[in-house]
Amino acid sequence: MRAGLLLLLLASPAVAAPPPGASSCSGCHGAPGGAVPSLSGHSAEDIAASLAAFRTGARPATVMNRIAKGFSEEESRAIAVWLAGGGP
């Protein structure tokens, strides 16, 4: 089911509305050169892997570990796909 959801999202044209939680990402991860790294140019796979690492604690963070724990793996993948597609 997860792979099917990811393939559907990847095969779909631009998503009109962001998945829940995705629109808040641009508040910190905006344009390149800011205090927080931009997500621009990152692949969906990289973003999803980072969210998973934050969620498990494998990647240390001050805030992202707490934010990532609020999303399931499927929600994180949907957010990653949307962000990689030029979401915010």
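Quick notes
- Contacts under 7 angstrom Cβ, first residue in region 19-30 being touching a residue at least 12 places away in the same chain (Cβ under 8 Å) and over 16 Å from residue 65 (Cα atoms), partner crowded, with 16+ Cβ neighbours inside 10 Å and among the β-branched types (Val, Ile, Thr), 6 or more apart: 19/79
- Residue match in region 26-43 (condition: assigned to a helix (DSSP H, G or I), surrounded by fewer than 19 Cβ atoms within 10 Å (Cβ to Cβ) and of a type in the set (Gly, Ala, Ser)): yes
- Restricting region 29-51 to residues that are within 16 Å of residue 84 (Cα to Cα) and hydrophobic (A, V, I, L, M, F, W, C), the residue that is modelled with the lowest pLDDT: 31
- Any hit, region 42-58, residues being in contact with a Cys (Cβ under 8 Å, 6 or more places away or on another chain) and closer than 25 Å to residue 17 by Cβ: no
- The residues in region 51-83 that are buried (at least 20 other Cβ atoms within 10 Å of the Cβ) and assigned to a helix (DSSP H, G or I) can be counted, and the count is 12.
The values are calculated or read from the model by the stated rules, or taken from the named source; none is laboratory data. Quantities reported herein were computed from a predicted structural model and do not represent experimental measurements. FYI the Cβ positions are ideal-geometry reconstructions off the backbone, even for glycines, and counts take in every protein chain you see.
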